[in-house]
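In what follows, a single structure is set out as structure tokens and then discussed.
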Amino acid sequence: MSQYSEEELRKQIREELAAEAARAKERRQIASTPPRDEAETMRRRILEEERRRFFQDSAEHFEYINENGDVEWLTREEITAREGYFDYEEHVEDPLAGRRRFLIWMSVGVFVMLSAAWGVVSWVLPATGQLSVVCNVPAATILVDGQESGYTTDAILELPIGEHLVEVRAWGYHVSGDPVRVVTVQEDQLSLSEFRLEAVGQATEP
């Protein structure tokens, strides 16, 4: 075999080896490529993941499952146009976060309503002040404006501001001095009314 023939043979063998390597590489690529259905499934999964990442931080778009079972990200107006209404908790991406926001807004609403109600009550109800009624005889009945107050001495009464007639009574005793006192109750202030009772028949000190 001539040198020329040997060189030609080597060249041919090298070409065959290169072709074989190319075919092996092609076979590996085909083996590593998933079937069309699997590839399509993977593509849909990746697409949904990337779409979710894109829209999940948006305050204007919400996850929506259409009639085909596909996920769409629509605005509140687009969902309302399809459904005729918008349910935040149903379409929010994180239902727990939606419930938390709902509870927060409900708490704020309740607080506002209670504050408004308290303001109305405070406006309707008269302002009040406190009156301390003390007496040397314990458990004497306290009367305010001619009516029993439900309290006995000594006690602090919550009364509407203004003038009131205050008395104390106890069986077997009479009041030393004026039996009825006119007391002025002032808002957010403590007024004092003192009484001294003496046993019936007891001589009054000069």
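Tell me whether region 177-185 contains one or more residues that are farther than 15 Å from Gln147 by Cα, at pLDDT below 90 and among the polar types (S, T, N, Q). Checking region 177-185: not a single residue is farther than 15 Å from Gln147 by Cα, at pLDDT below 90 and among the polar types (S, T, N, Q).
Could you say whether any residue in region 178-187 is touching a residue at least 60 places away in the same chain (Cβ under 8 Å), under 25 Å from Pro126 (Cβ atoms) and either of a type in the set (D, E, K, R) or open to solvent by 70 Å² or more (accessible area, probe 1.4 Å) (or both)? Taking every residue of region 178-187 in turn, at least one turns out to be touching a residue at least 60 places away in the same chain (Cβ under 8 Å), under 25 Å from Pro126 (Cβ atoms) and either of a type in the set (D, E, K, R) or open to solvent by 70 Å² or more (accessible area, probe 1.4 Å) (or both).
One residue is enough: does region 58-81 have a residue meeting the conditions at pLDDT below 75, in a loop (DSSP other than H, G, I, E, B) and of a type in the set (A, V, I, L, M, F, W, C)? Yes, region 58-81 contains at least one residue that is at pLDDT below 75, in a loop (DSSP other than H, G, I, E, B) and of a type in the set (A, V, I, L, M, F, W, C). Of the strands (runs of 3 or more DSSP E) lying entirely inside region 125-189, those containing at least 1 residues that are closer than 26 Å to Gly201 by Cα are 128-135, 141-144, 147-152, 162-169, 173-175, 181-185. Being of a type outside the set (Val, Ile, Thr), at pLDDT below 80, in contact with a strand residue (DSSP E or B) (Cβ under 6 Å, 6 or more places away or on another chain) and open to solvent by 70 Å² or more (accessible area, probe 1.4 Å) is the requirement here; does Glu89 meet it? Against the criterion (of a type outside the set (Val, Ile, Thr), at pLDDT below 80, in contact with a strand residue (DSSP E or B) (Cβ under 6 Å, 6 or more places away or on another chain) and open to solvent by 70 Å² or more (accessible area, probe 1.4 Å)), Glu89 does not qualify.
Applying a threshold of 7 Å to beta carbon distances and a minimum spacing of six or more residues, or different chains, the list of pairs starting in region 105-116 at a residue that is open to solvent by 70 Å² or more (accessible area, probe 1.4 Å) and ending at one that is among the hydroxyl-bearing types (Ser, Thr, Tyr) is empty.
The values are calculated or read from the model by the stated rules, or taken from the named source; none is laboratory data. Worth saying up front: this structure is predicted, and the values here are computed from it rather than measured. Glycine also receives a Cβ, built like all others from the backbone with ideal geometry; neighbour counts cover every protein chain displayed. What goes into the accessible areas is simple: the full protein's heavy atoms, side chains included, and nothing from ligands, DNA or RNA. Shrake-Rupley method; radii C 1.70, N 1.55, O 1.52, S 1.80 Å.
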